[in-house]
Each structure stands twice: as C-alpha cells, then as structure tokens.
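The structure under discussion appears below in the form of structure tokens.
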Amino acid sequence: MNRSRPLMSRSNRLHIAQFLVLTLVLFLALPDRPASAGANLIANPGLESLAADGFPVCWEQSGWGANGHTFALSTDAHSGARSMSVTLTTAGQGDRKAMMLEDTSCAPNVTPGHQYDLSAWYKTTTANTVMTVFRHDVAQGWVYWTDLATLPVTTTWTKRTVRTPQIPANTDQIVWGVTIYGNGTLKTDDYTMVDATQTVPDESCSAGDKCVKGDWQVMPFQSSVRAIHAVVLRNGNVLLIAGSGNDPAAFAAKTFTTAIYKPGTGQFTAVPTPEDLFCSGHVQLKDGRVLVMGGNKDYPAADGSHGYKGLKNSYIFDPATSAYTRVNDMTAGSWYPSATVLGNGDVISLGGLGEDSHGMVATQYFNSAQQRWLGLNEANQTWNFWGLYPSMILMQDGRLFYTGSHVFGNGTPGSGASIYDYPTSTITPVPGLRKKDERDQSMSVLLPPAQDQKVLTMGGGNIETNPDAHRLTDLIDLKQASPAYTAGPQIPQGTMTGGVAQTGDQGKMYVSAVLLPDGKVFETGGALHNRADPVYEASMYDPATNTFTAGMATDPVPRGYHSSAFLLPDGRVMAVGDNPGNGTFDKRVSVYSPPYLFKGARPQITGLSTPNWAYGSSNTITVDGPILKAELIRPAAVTHSSDPNQRFVDLPMTVNGNSISLNLTSNPNLAPPGWYMLFVVGTNGVPSVAKWVKVG
Ligand SMILES: [Cu+2]
C-alpha cells in the first residue's frame, strides 16, 4: 500500500479547517468520559501493532503539499511502546497527518444519526493542529466530512475528547486523524472512538440490517499463532494456545507456540511454551490463573504402530507474569481431556487419550488448596472411558452432567449422556439425546441463567462415518428429579461454499455457541463434514422462548475444525481458527457486533463497591441510568466446540435510583469461584461493557 499518496480529496479543505476550527471547537469539546462507555472502535488504537513496512497496522502517512516533514515512531509513548510523531519543518504548504486507513477492516463502522466521542492523547509544540474526519458515503465513496478541534500546545501527555455531530445519512464508516499544518512536532497515542449516542430510542436503530443481524468485521491482522485454544483472562486479554498447532513438522522441530492477544490494541505477544499443549485441557482457577493439562506427546507413527499420545504434563499460566509454571504431572496422559471447575475451586478432568494412545479412564482431580493433581488412589475412580473432550457441566447440586457433546469417537455405549456423582463414583444414564453417535463436535451450553439449570446441545457429526452433520438440538432441565433430554428447535440452515443452500436435514458440526450479556445465545460457524464444507450460518437462540432467530450476519471466514468463538468483555464476539482437511490453518480473526451494539446508549457501571464478592453477599454498584438486569458471565476457556464452564449467573437486584444492590447466589455450584465479567443491561436491551468481579 502506498502510505504517502497525495490525497487531493483532502487537500482542498485545509483553508476550511483554518477558518472553521476556532468556532467549531468551542461547541464540540467535551470533558473526558469514562473509557468504559463502550467498545473502542479503532483498530490498533495504541499504534502498537506494526505492519511489515514498520508503520502501524491500519494507519497511513497522509497529507499534501511540498512541506518538509517526518513521520516517526517515538518511544515517548502515553502507554505501550510507541507513539506517532509527525514533524513539519516548512509550514504553509499543506499539511500532514497519521490517518486511519480507508478500508473495510480498519475504518470504524458507524451508524447514521449516532454521535461518537473521538479522543486521542497528544503532545504538540504547535497549536496549528486539527482533528479531521472523513466519512464513507455509500454512493460517493470517501469524502471530507468535518474538522472538530485544535490541540493546544502542551509538553505533557494530554487527552482530548470531542463528540462528532450526528453521522449523516448514507454513511457507513468514518476515519480521522490529527493534522499538523504549522512548524513543530505533534505526537499522538491511544486513540479511542466510542458510540456516545444517548437519545436514540429502541425502535429507531438506523443501522439498517445491522439492527437485526449484527455485523462481522475481519480484523486487519492475523493471529500470530494457530489459535486452537482460547482462554479469556481476568485482565481482558485472550490466551491463544497452539502448541505444535496440528503441524507434525512443528512438533518435530519442537516449535510450540502460545500468544497473548490484547483486544484493545490488536497486539499479539509470544509466550514461551514448554511442551506441546496442542489439544490440552484448560480452565481458569479461582485466582484467575489458568490450569492447563495434558496435550500432545506424539503424533501418530508413520508405520501405524501408535496413534496420538497424551501428555501427562500440567502447567499453570499466570496472566500477571504471562508465563507457564509447571505443576505436578497428571496421573495419566491426556490428549483431549475435559476440565470442569467445581464449587470448591477444584478441577475434575476426564477422558482423552493416554500415553499409550488408548482411551484414558482415570478421574483426574486437581486440588486447588494443595495446588496439585491428586494421585490415582487419592481420587475417586469409576474407570469409565468418557471419550474425548467430554462436555461435563457442573450442576447446582455439585454433580457433573455429561451432555453427550464430545470429539471424535463412534458407537459410544449407553444413552450418550449421563450424570456423574464424584463423591460416590456413580454414573446415571440420562435418556433422550437423539443421534447420540453423531454428536462429535456438537456444542452444549448451560443456558442463561445458570439458575434455570437448562442445557442445550446443538448439532454434531461423526468423523468416522462422516454423514452430513445434522441440525438437531436437544434440551434438558436438570432441575427435574429424573432429567431427560427433549427435542429442541432445529438449527437454522445456511449456505456452503459457492453460496449453495443447505437442504433437508443438513446442519453443522464444529458449532460455536456463545452466551451473550443480553441473555441470548449466539450460534455461529461450523461445517457439514469432517474438516470440509464450511457452513455460513449464524442464529440467535433465546432461552426464554426456546426459539432460534435465523439469519444473523455470518462470519466471512470459514470456521470448522479447530475454530472457536467467545465473548469479549466489551460485549462483542471474537472468532478464530479453521483447520480444513488439507492441513492449512486460517489465522484470520473475526469480531461480531451483536444487534444490541447498534441500538444506542450503552449503560455504564460507574462504580463498584468491591470487586471481591462473597457467596450470598449483596454488592452495590452505581450505574448511569435505569437497567433491566445484571449478571456475571464466566470468561471463556474454549476449544473444539467445548467450553463446559461457560455460564451466565443472574444477579437479583435491589434498585435504589442509580445505586443497585446485586445479590450473589449462596451456592458455589451455581457460580464456581473465580473471576467473572459483570454486565448490566439497559432498558433498551443494550449491555454495558463488563467490569471484572472475583467470586468466592
Ligand atoms: Cu484437535
């Protein structure tokens, strides 16, 4: 890309800027708003992520005229490692600015009629500066829109926030930057752009299709690793684990990878990875560190003498240090083990393949107080083989519900689902799951709210017989004395490669299902066959009505084998991974904005009495307006369509104006200890950005 192209469409307006700036600024400048007001819509806002040419991703050198100028990255940063420094030495001949790229990945999407708060941190030696905004007109393309503010001279990092006028009709994106047109140096860093709309009523969403379908954006960068495992950390970053990434050559070279992804900056940071954690298990412990167990000890032998072998190693990843620390080994190798956190903070791991590549039948128990895996004889045993990544959901009475969702395997014994009572080592079959042997890479979720104890299991296939994946869902109420699955509504159908519509009973395996803060479940991604035939379909399941709303916007990137989708703390959904049968891996990152993000004002949690919440306690928050409900959502720890710890815990409210008491359940089995995202939902159905709360 040519970052220094002369932009004639922009050049004509310099004089306009000079005349209008002083009058406009006074009306539009605003005091700082809390950064938590909404999602920051800027890609690479801190300029930390660099493209191959060394300039920040999603930014370009822009401007015009025969002036002497320099663009440089400065280590004098407001935060992170760098800021953007633009110096002009012969003023009077045009201007220069670092500008957001005018493309679909980089330019922030906007909604006509909405207003946005734009802010940047800056230092400048000249007041001849102006924040300049361009808009993308659906008919005319990119055009100059408006100038918003000058930045006074300052030698200390200073934040300037300006609210735009209402976005004009026919506008779907804007870009902006800070122009310098006088001799001097302007440094900028940490740009934000937040939807500041306060007055648009529910019904008047002006974003067209996005109002009902939501919207996907494919990020302008790719994941630095094969994102097979994704764990949302208590600091809002995302742990992406590849290990060898399903690449035997990487395994042979002992090239094992992990990255920390920072949604706020689009940056990936490599984490030294001690072993092949490919197809390990993982779950957050009560202190927010991540227990990682098992993984890949070996790929199948070329001579067929053995298959995949499970590792016994186990590690704890600490978000504070971004490092793995080894703990004692598990009692058996585990390739594709489950991991479920219990009400006391301990972890049970079941299933997978052992060191001998055969089914692993031990119950492996991590004692949280002792920070170690119990020995084989210290843990209660059933010697049952649970399959690979068996989805084990903690019930309110402390037992585990095996939903029937698993990975691989064929002709599994029994009814396909059961309830496992660890203290007594009893397993009770649960009837009613249809096509139990075609639930390979189906997805099961404990529906919102966790208090209702309902689980929905969606889709699935079978990589051995490889039929068309189906579209069945089955629903169970675990509060019943003898719970049984009953038929749920079918997953809506989508299209496949070439736009071919699904027909008949065609559905999907590799299903992703994400609990959203408005209490609905976003269902996305998947494929019709084993590592082939991606399905482009997304729907919204409403637990209150037991119905799917079809026709949500679909991820443009195929999301089949080794793909995941999960909730970010800002209320958006991130999707990663796809590992088709030809062995390639799609490293693109997609982000979905649900319809609620196009409906106007987001409520804000403006105060939190304490982030440490005891069971049975009442905790006061303050909000900036009326809210409908509040809940805790456990951050994702997802792989292979499996995140059995995902849960949405309703918080009964006592309202006193903008001061609200939230009552946490006294039952740790409903909300196992750990860090949760606290959301409130406004009366317009729009959720806040999350605050982090530590339960237990
Ligand atoms: Cu796998």
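The values are calculated or read from the model by the stated rules, or taken from the named source; none is laboratory data. Being a predicted model, the structure only gives us computed values, none of them experimental. Positions of Cβ are backbone-derived with ideal geometry, glycine not excepted, and every protein chain shown enters the neighbour counts. Just so you know, the surface numbers come from the protein's heavy atoms only, side chains and all, with ligands and any DNA or RNA stripped out. Shrake-Rupley method; radii C 1.70, N 1.55, O 1.52, S 1.80 Å.
Counting only cysteine Cβ atoms and a cutoff under 4.7 Å, the chain contains unmatched residues 279. Under a no-solvent Debye model with one identical scatterer per Cα of the range 605-695, what's log10 I(q)/I(0) at q = 0.14, 0.26 Å⁻¹? Here the Debye-derived log intensity ratios amount to -0.47, -1.41. Within straight-line reach of residue 454, meaning a Cα separation under 18 Å, sit the following lysines at least 8 residues removed in sequence or on another chain: 479, 520. Ligands, DNA and RNA are left out, and with a 1.4 angstrom probe the accessible area of the chain is 34 Å² per residue. Among the protein heavy atoms, those of residue 491 account for about 0 Å² of accessible surface (1.4 Å probe, every chain in place). Listed by chain and number, the lysines whose C-alpha is less than 17 Å from the C-alpha of residue 262, apart from same-chain residues fewer than 8 away, are 587, 691. More than 18 Å apart: what percent of Cα pairs in the range 64-145 qualify? Pairs farther apart than 18 Å: 57 percent.
Of all accessible surface on the chain at a 1.4 Å probe, what whole percent is carbon and sulfur? So the carbon and sulfur contribution to the accessible surface is 53 percent. Within the assembled protein chains, the solvent-accessible surface assigned to residue 520 is about 70 Å², based on a 1.4 Å probe.
Decide, for the range 205-267, between rounded, prolate and oblate: order the square roots of the alpha carbon gyration tensor eigenvalues as a ≥ b ≥ c, take rounded if a/c falls under 1.5, and otherwise choose prolate if a/b is larger than b/c, else oblate. Note, shape of the range 205-267 comes out prolate. Measuring nothing but how far apart in sequence close Cα pairs (under 8 Å, 6+ apart) lie, relative to its length, the range 555-665 scores a relative contact order of 22 percent. Extent along the principal axes, Cα only, for the range 59-195: 38, 32, 24 Å, with the longest axis given first. Only one residue of 605, 689, 618 has its Cα farthest out toward the positive end of the dipole of the range 605-695, where Lys and Arg carry +1 and Asp and Glu -1 on Cβ, and that residue is 618.
In a simple Cβ point-charge model (Lys, Arg +1; Asp, Glu -1; nothing else charged), the range 605-695 has a dipole of about 120 debye relative to its Cα centre. Taken over the chain, the alpha-carbon convex hull comes to 155 cubic angstrom per residue. With both labels modelled 7 Å from their Cα along Cα-to-Cβ, the residue 318 to residue 415 distance reads 4.6 nm. Computed from Cα atoms, the angle from the helix 14-28 axis to the main principal axis of the chain rounds to 60 degrees. Placing 317, 385 in order of accessible area, with the largest value first and a 1.4 Å probe, yields 385, 317.
With contacts taken as Cα pairs under 8 Å and at least 6 residues apart, the chain reaches a relative contact order of 11 percent. Hey, could you grab the Kirkwood Rh for the range 169-241? Inverse mean 1/r over distinct alpha carbon pairs, Å, one decimal. Taking the inverse mean of 1/r over all distinct Cα pairs, the range 169-241 comes out at 17.5 Å.
When the helices of the chain are scored as -39500 (n - 2.57) per DSSP H run of n ≥ 4 and the total is divided over every residue, the value at 222 nm lands at -1000 deg cm²/dmol.
Counting only protein heavy atoms and using a 1.4 Å probe, the accessible area of residue 355 comes to about 70 Å².
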